[in-house]
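My structure is below; once you've seen it, I'll send some questions.
Derivation of every value follows stated rules applied to the coordinates shown; laboratory data play no part. This structure is a prediction, so every number in the text was calculated from the model and none was measured. In this analysis, Cβ positions are derived from the backbone assuming ideal geometry, glycine residues included, and neighbour counts consider all displayed protein chains.
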Amino acid sequence: MATSPDLGLPFIAAGQAQPEVTHNEALLLLQAMTNGVIDRGVNTPAVGPTIGDSYIIGAAPTGVWAGRANCVAIWSGTAWDFIPGETSAGTPITMGARQEGMRIWVRDENTLYVWTGSAWLNFASTPATATDYGQRAVTGNTTVLAITAAVDPTLSTNSDYDQVLGIFNATPDGENSNITQQTNTFTIATDGVYRIEVWASVTSNANNTALAVKFGINGTIGLGRRPKVFLRNTGETHTLTAFGYHHFDAGDIVSLWFASDKTANITFEDAVFGAVAMKYDT
């Protein structure tokens, strides 16, 4: 069965018999995402569940939940379904970086949880204040980066990315509370969830250029590729906007990485690379 890439939601096939079965299954899975789960951290399948009962599975699941750590389990009436489900090849999808940003209400705690890419974080933790952010701006209005064409033209392979260095100004911008700025990076001062973001006007000296950015953690790319920008004509200007939520530990260093599917000089104009504290751990 064909499924969606990150959550494994079932797709209706062309000419499929009884398409309502697949459609209803997908609706039941989405209901769990929007209506919340009963409990979290549960490792043993519930006994006597009713249709629609759902749980965030714990780190050491047993029985039919085995191998589905941190996933969401939903009772369909005859079996347990999971978010994420399976790939189109039938392989179970594990919770990881591709599911980062999933949010689920846990009813028995009256609390919203978000998946950080590695753990479910309680959003009832201490909120950050409005001034807890920092940002880097480019040195000038037109800063050029010389980029070598990526081996993987889809720009999905981490080894194709180079860290963005030397384009930021010498003076830190923003309030810089709980975020310390270095020349090319940020250091996180307090454990919690942060929004990492970049926005810029970009141009290329090569036609039909696709661009993408990733964010790194402690020198290694840790957040998935942000949406690509396609520049069809030489000198054409497009807005590059990308962001991601991630749980950071105090001392983590955040960096910006960039790739192009063409060898080109990429010009950044009015670019800002920023970090915003969302929630601190209690």
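Calculate the all-directions average of the projected area of region 19-122's alpha-carbon convex hull, and give it in nm². Don't skip to the answer; put the middle values down first.
Details: hull surface 26.0 nm².
The orientation-averaged projected area of the Cα hull of region 19-122 comes to 6.5 nm².
Which of the lysines could a cross-linker bridge to K262, judged by Cα under 27 Å and excluding same-chain residues fewer than eight apart?
K214, K228
Within 10 Å of each residue's Cβ, count the other Cβ atoms and sort R103, R226 from fewest upward.
Working: R103 14, R226 19.
Least crowded to most crowded, the residues run R103, R226.
Is there a quick way to get the dipole size of the chain? I mean about its Cα centre, with the Cβ of Lys and Arg at +1 and of Asp and Glu at -1; what is the value in debye to the nearest 20?
Working: 14 positive and 25 negative charges, 61 e Å.
Taking the Cα centre of the chain as origin, the dipole is about 300 debye.
What's the FRET efficiency of T148 with I38 using the Cβ-Cβ distance as r and R₀ = 41 Å, to the nearest 0.05? Present the calculation step by step, with values, prior to reporting the outcome.
Details: r = 51 Å, r/R0 = 1.25.
Step by step, r from the Cβ atoms, then E = 0.20.
What translational diffusion coefficient, in µm²/s and rounded to a whole number, does the Stokes-Einstein relation yield for region 133-280 at 20 °C and a viscosity of 1.002 mPa s, taking the hydrodynamic radius as the Kirkwood radius over Cα pairs? Show your work: numbers first, answer last.
Working: Rh = 15.3 Å.
D, rounded to a whole number, is 140 µm²/s.
While we're on this one: Arranged by the count of other C-beta atoms within 10 angstrom, fewest first, what order do F11, F186 take?
Values: F11 14, F186 27.
Final ranking by Cβ density, sparse to dense: F11, F186.
By counting other Cβ atoms within 10 Å of each Cβ, how are T203, T239 ranked from fewest to most? Spell out each step's value before the answer.
On the way: T203 20, T239 10.
Lowest count first: T239, T203.
Explain nothing, just the number: relative contact order of the chain, from Cα pairs under 8 Å at least 6 residues apart, as a whole percent.
On the way: 711 pairs, mean separation 52.7, N = 282.
Worked out over the chain, it gives 19 percent.
Kirkwood Rh, the chain, all Cα pairs: how many Å? Write down the numbers at each step before the final one.
Values: mean 1/r = 0.0481 Å⁻¹.
Value: 20.8 Å, from the Cα pair sum.
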